[in-house]
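Here's the structure, in structure tokens; my notes come after.
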Amino acid sequence: MQLLTGVITPSLTAVLKIAREHLDAMIVHAREDHPDEACGVIVGPEGSDVPTRLVRMINAERSPTFFRFEPEEQFGLYKQMSTTGEEIVVVYHSHTATEAYPSRTDISLASEPQAHYVIVSTAESGASDGPVSVRSFRIVDGAVTEEEIHVPE
Amino acid sequence: MSVEVRIPTILRTYTGGQKAVQGDGATLQEVFDDIDARNPGLKDRIVEAEALRRFVNVYVNDEDVRFSGGLDAPTADGDVVVVLPAVAGG
């Protein structure tokens with residue numbers, strides 16, 4: 001019997017490894033924009049599955065129930081990543097009135113199959129220092145798979 | 001005459017994994033028709049009911065085609081078309 005462990009590529013392991021500063025920065029952003037949804041990315045070297053650089057994005061919808069990256073800003077990010085050899089490793093956004101689980105809209109519009117989709121829920125805390133929930137998912141072809149978040153200390 | 005069309009990760013299943021494909025045409029519509037002939041199904045993911053899909057952004061030489069004619073935007077030899085699905089959700 002063949003042992004399969006060795007052939008699983010890093011991008012398929014069901015865990016997001018993320019630095020504490022990035023985790024904290026997503027939460028800070030979500031609180032700042034509450035009650036509207038905040039959104040952004042953490043990019044990293046192409047194929048590495050390592051998130052290294054967090055970029056806040058403008059939510060063009062400025063809405064408590066919807067987000068969309070501002071198109072020009074997203075295109076600017078695309079051009080920058082083409083030059084630096086980076087790709088989107090994490091797409092994050094907040095839910096401000098519901099749990100940190102992908103909505104039907106999140107699932108139908110998910111278009112970065114290589115990315116970890118992180119959702120921060122400020123439903124309980126609002127903009128203040130109360131408890132927030134942070135969860136990470138893969139969303140590929142309409143299928144949602146939750147994964148662990150691992151923060152190396 | 002050839003236009004380079006950059007394909008986003010999610011649509012590379014239609015291009016055999018290629019990041020970019022070449023197409024011919026004097027308008028964006030013609031270029032998409034041309035690349036769809038060799039990559040069947042690709043155009044349907046970008047175009048719906050004779051218009052660009054709402055959550056797909058398309059650029060010709062850095063210009064958002066929503067402001068330059070949409071599918072009628074002119075294309076010329078050496079142009080670069082970028083297809084970029086909007087990052088969006090609820």
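Please treat every number below as a calculation from the coordinates, not as lab data. If you're wondering where the values come from, they're calculated on a predicted model, not measured in any experiment. All Cβ positions, glycine included, derive from the backbone under ideal geometry; neighbour counts span all protein chains shown.
Rounded to the nearest 0.05, what FRET efficiency do B:ASP64 and A:VAL144 have when you use their Cβ-Cβ distance and R0 = 35 Å? E(calc), rounded to 0.05, equals 0.70. The angle separating the long axis of helix A:71-84 from the principal Cα axis of greatest extent in chain A is about 30 degrees. Residues whose amide H comes within less than 5 Å of that of B:LEU52, counting only those at least five positions distant or on another chain, are B:LEU71 (H built at 1.01 Å from N in the peptide plane). Helix A:20-33 and the longest principal axis of the Cα set of chain A meet at an angle near 30°.
For the Cα trace of the protein assembly as shown, dividing Rg by the Kirkwood Rh returns an Rg/Rh value of 1.00.
Scalar couplings 3J(HN,Hα) for the range A:124-129, obtained by applying the Karplus form with A = 6.51, B = -1.76, C = 1.60 to θ = phi - 60°, are 7, 8, x, 7, 8, 7 Hz; x denotes Gly and Pro. The relative contact order of the range A:17-128 comes to 30 percent, based on Cα pairs under 8 Å that sit 6 or more residues apart. Shielding by partners for peptide A:56-65, expressed as the average number of C-beta atoms from other protein chains within 10 Å of each residue's C-beta, is 1.
Rounded to the nearest 20, the Cβ-based charge dipole of the range A:72-153 about its Cα centre (Lys and Arg +1, Asp and Glu -1) stands at 180 debye. Provide the FRET efficiency to the nearest 0.05 for the A:GLN80-B:ARG54 pair, computing r from the beta carbons and using R0 = 25 Å. Rounded to the nearest 0.05, the efficiency is 0.50.
Rounded to the nearest 500, the helix-only mean residue ellipticity at 222 nm of chain B stands at -3500 deg cm²/dmol, with each DSSP H run of n ≥ 4 adding -39,500 (n - 2.57). Grab the beta carbon distance between A:SER128 and A:THR98, set R0 = 25 Å, and tell me the FRET efficiency rounded to 0.05. Step by step, r from the Cβ atoms, then E = 0.85. Take each residue of peptide B:48-57, count the partner chain Cβ atoms within 10 Å of its Cβ, and average: the result is 1.
Listed by chain and number, the lysines whose C-alpha is less than 24 Å from the C-alpha of B:LYS19, apart from same-chain residues fewer than 8 away, are A:LYS79, B:LYS43.
For chain B, relative contact order (Cα pairs under 8 Å, six or more residues apart, normalised by length) works out to 37 percent. What percentage of all Cα-Cα pairs in the range B:3-85 are separated by more than 20 Å? Value for the range B:3-85 (Cα pairs over 20 Å): 19 percent. Peptide A:105-116 is shielded by partner chain Cβ atoms: per residue, an average of 4 of them sit within 10 Å of its Cβ.
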